[in-house]
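The values are calculated or read from the model by the stated rules, or taken from the named source; none is laboratory data. Please read these numbers as outputs of a predicted model, since none were measured by experiment. A quick note on method: Cβ atoms are made from the backbone with ideal geometry, for glycine too, and the neighbour counts reach across all protein chains shown. Surface accessibility is based on the protein's heavy atoms, side chains included, excluding ligands, DNA and RNA. Shrake-Rupley method; radii C 1.70, N 1.55, O 1.52, S 1.80 Å.
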Amino acid sequence: MNPQTPVACGVSQWRKIMSVRAKFVVVSIAREKWSTDKETQKITLKPVVGDSEENKTFYAYTPGGQIELSVLNAEAGNQFELGKEYYVDFLKC
């Protein structure tokens with residue numbers, strides 16, 4: 001990661017930011033009714049486990065837990081694939 005990352009929250013200044021990178025895998029995708037004419041996709045991700053050398057490293061150092069997203073925008077939700085792995089970067093805002 002570039003040590004000079006744009007400051008989040010719409011500020012145009014630059015500063016050095018420490019970040020945490022984790023690696024998660026999509027374990028479920030479910031469609032849910034949002035309103036009479038809309039639905040969301042509920043996407044659940046969990047940290048990877050040691051089935052590759054990279055995953056063994058992430059498993060040893062990545063925060064535990066799970067991420068659950070409710071995505072109303074179908075195009076955005078369709079970017080997630082069941083069983084595929086994704087990097088997640090946590091940056092302080």
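At a glance:
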| quantity | calculated |
| --- | --- |
| Residue, surrounded by the most Cβ atoms within 10 Å (Cβ to Cβ), within the stretch 43-67, restricted to residues that are part of a strand (DSSP E or B) and out of contact with any helix residue (DSSP H, G or I) (no Cβ under 9 Å at 6 or more places or on another chain) | L45 |
| Tally of residues being open to solvent by less than 100 Å² (accessible area, probe 1.4 Å), aromatic (F, W, Y) and more than 12 Å from I29 (Cα to Cα) across the stretch 68-89 | 1 |
| Subset of the stretch 14-42 [surrounded by fewer than 12 Cβ atoms within 10 Å (Cβ to Cβ) and charged (D, E, K, R)] | R15, K16, R31, E32, K33, D37, K38 |
